[in-house]
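This report refers to the structure that appears directly beneath it.
We did not get these values from a lab; they are worked out from the coordinates using the rules stated. Just so you know, these numbers come straight off a predicted model, no measurement behind them. Quick reminder, even Gly has a Cβ in these numbers, built from the backbone with ideal geometry, and neighbours come from all protein chains shown.
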């Protein structure tokens, strides 16, 4: 949910401003809902200020940390890594076609990848993460920082108007990510992994 200060959002902003889960992003206010999954180590301090960098693709290593700058896909992969999940380092169209580390799902669950584009072509698709029903966490060139949009907000933008589909990282892929804490295992088990 994205909350913006303004005439219509003022009362809501006053109500959520007292919440510990409120993060300010320049002109934007992000409410981290209690229903969202929380990484075992918590959300990193710099998560909400990660700058969009088109050249910072998965596997590029530049900048060294995804928290210092990412494109949409590297950002999604970084958030998944907070939960011990690792995606194959593929471009969006290759990731959409992948059947080794991911699988197409419907309906999506939290932490499933969401693919958006101007049409059904996965080449150059924008990637985000489902955090709740009708809420996708993503990093876009348009906003420049992480944000959460509803499907309606995506559909209002020509470059993101089409939801191509959703994919889930498979169990075998998560095992390649390294050891899990008991908390991570319980969370993933609750999601059906």
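Things worth noting here:
- In range of the label at residue 67: residues from the range 120-158 whose backbone nitrogen is under 16 Å from the point 7 Å along Cα→Cβ: 146
- For 86, 167, order by how many other beta-carbon atoms lie within 10 Å, fewest first: 86, 167
- Using distinct alpha-carbon pairs, which all enter the 1/r mean, Kirkwood radius of the range 37-180 in Å: 15.0
- FRET efficiency, 1/(1 + (r/R0)^6) with R0 35 Å, evaluated for residue 156 and residue 81 via beta carbons: 0.70
- Extension gain, residue 45 back to residue 89 (0.36 nm per residue minus Cα-Cα distance, nm): 13.4 nm
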